[in-house]
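Structure record follows, encoded as structure tokens.
The values are calculated or read from the model by the stated rules, or taken from the named source; none is laboratory data. Because the structure is a prediction, the values reported are computed rather than measured. Cβ sites come from the backbone with ideal geometry, for glycine too, and all protein chains shown count toward neighbours.
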2 protein chains.
Amino acid sequence: MKHTTRMVEVRTKVLKENDVAARAMRERFRRDGVFVVSIVSSPGSGKTAFLERTLVTLRERYRTAALVGDLATENDAQRLARSGVPVKQILTGTVCHLEADMVSRALENWDHGPLDFLFIENVGNLVCPASYDLGEDLRLLLFSVTEGEDKPLKYPTIFNTADIAIISKMDLAEAVEFDLQAARQSIQAVRPGMEIIELSSKSGKGMDRWIEYLIARRNEV
Amino acid sequence: MKHTTRMVEVRTKVLKENDVAARAMRERFRRDGVFVVSIVSSPGSGKTAFLERTLVTLRERYRTAALVGDLATENDAQRLARSGVPVKQILTGTVCHLEADMVSRALENWDHGPLDFLFIENVGNLVCPASYDLGEDLRLLLFSVTEGEDKPLKYPTIFNTADIAIISKMDLAEAVEFDLQAARQSIQAVRPGMEIIELSSKSGKGMDRWIEYLIARRNEV
């Protein structure tokens, strides 16, 4: 198709601008001592339930806030606000991912006070967010037992850009005949050595291990 | 951002080219008497299980084939090939949706014989596929009980472009405390009057109603 070259050019330019904005944010986060975690997943993998439980656990000991990206509705922000930590929604309209610039603008004029942790919940999508650095310290990929064990093989790019895979909804593993061994193998095939934690946001099982991991990563910085 | 205008221009051009290609395909499908159904959903909503069951049911009485879009792997095509109908995989690389042109190229040199039904399984994504007409007669949106009842409110564009919503994995409804009433209300809020069918590809419950609906739609053409 004739348009391909021009699309690629524009795409390269957008990504370059994004990288510049992301770098500036990363420097700022480092200076402010905030450890930033972005979360990517399919729509419906349980990002919000996971984040809600994480925020409630952390808030006892850490100053924490969350940004939530969605095409439409403030539902997730309202839900997360129940955790008692500052939460802000970013509405992307028809854009299938967050960009560094959107995060940067959301942080302006947001008086959340000093932070230890900032979470950024991306738009539910396993393709587009892969290309956009948000200045995060840790990119977390959540996928649920209901999605199929070969997801990593089908969406290798996003698994490759992530630092840790969380397998969520483990409470449903039996009902959907989830094959944990096969899922682990798929992840390792795409990203050998990747950290994997299985948990259930509903029962709380596995949350301890995730919180321990998170705090250890923060202390390394 | 400075690049916005140029992005919009290029996007408009790509979409126009897509519409031209889609129109040509729609004419061709009509001429050949093929009823074309495209399927969109999140990754892991059960598109392939649903399609497999549909193909097996239809093949007794109808000449049927399927095209399957994925970023990577031929897993879905291999799985669907077990149904005994002709199946072809379209690998999109890093592109988050199918385009009319990709479908057109996949149909070239594919000797599937005369068809009554052609199914096109899009890349698992609730954002990007919304903008691309594939020349289909029916666009089907699948969403599973594990994804949350407010999905339609969060992804209104794709629900607006679809003709029918299938709520899948109904066998898990109780385990995830799915609120069918709330899900139906979300759909009706975004697209009043939309046809909704609940089913389980696992148990087969609800499949009859879907097949009846499908055949009725074909007979209308």
Verdict on B:Val87 being more than 12 Å from chain A (Cβ to nearest Cβ) and not polar (S, T, N, Q): yes
Of all residues in region A:115-131 being within 13 Å of another protein chain (Cβ to nearest Cβ) and not small (Gly, Ala, Ser), the one that is surrounded by the fewest Cβ atoms within 10 Å (Cβ to Cβ): A:Cys128
Search result, residues across region B:94-114 that are farther than 16 Å from A:Cys96 by Cβ and either under 18 Å from the mean Cα position of the chain (by Cα) or within 14 Å of chain A (Cβ to nearest Cβ) (or both): B:Ala100, B:Asp101, B:Met102, B:Val103, B:Ser104, B:Arg105, B:Ala106, B:Leu107
Tally of residues being touching a residue at least 40 places away in the same chain (Cβ under 8 Å) and not in a helix (DSSP H, G or I) across region A:129-148: 13
Residues (closer than 19 Å to A:Tyr155 by Cα and of a type in the set (A, V, I, L, M, F, W, C)) located in region B:121-134: B:Val123, B:Leu126, B:Val127, B:Cys128
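Residues of region B:168-180 being more than 9 Å from chain A (Cβ to nearest Cβ) and either acidic (Asp, Glu) or within 21 Å of A:Asp76 (Cβ to Cβ) (or both), which ones?
B:Glu174, B:Glu177, B:Phe178, B:Asp179, listed by residue number.
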Number of the condition not met by B:Val221 [criteria: (1) touching a strand residue (DSSP E or B) at 6+ places or on another chain (Cβ under 8 Å); (2) farther than 22 Å from B:Val37 by Cα; (3) modelled with pLDDT under 95]: (2)
Candidates A:Leu115, A:Leu126 - the one that is more than 25 Å from B:Ser144 (Cβ to Cβ), outside any strand (DSSP E or B) and in contact (Cβ under 8 Å) with a residue 40 or more places away in the chain: A:Leu115
Selection count where residues are among the basic types (Lys, Arg) and either touching a residue at least 40 places away in the same chain (Cβ under 8 Å) or surrounded by fewer than 17 Cβ atoms within 10 Å (Cβ to Cβ) (or both), scope region B:169-195: 1
Out of A:Gly69, A:Gly33, sole residue that is within 14 Å of chain B (Cβ to nearest Cβ) and at pLDDT 90 or above: A:Gly69
Region B:188-217 - residue that is under 18 Å from the mean Cα position of the chain (by Cα) and within 14 Å of chain A (Cβ to nearest Cβ) and, of those, nearest to B:Leu58 (Cα to Cα): B:Ser201
Residue count for region A:94-106, restricted to those that are buried (at least 16 other Cβ atoms within 10 Å of the Cβ) and in a helix (DSSP H, G or I): 6
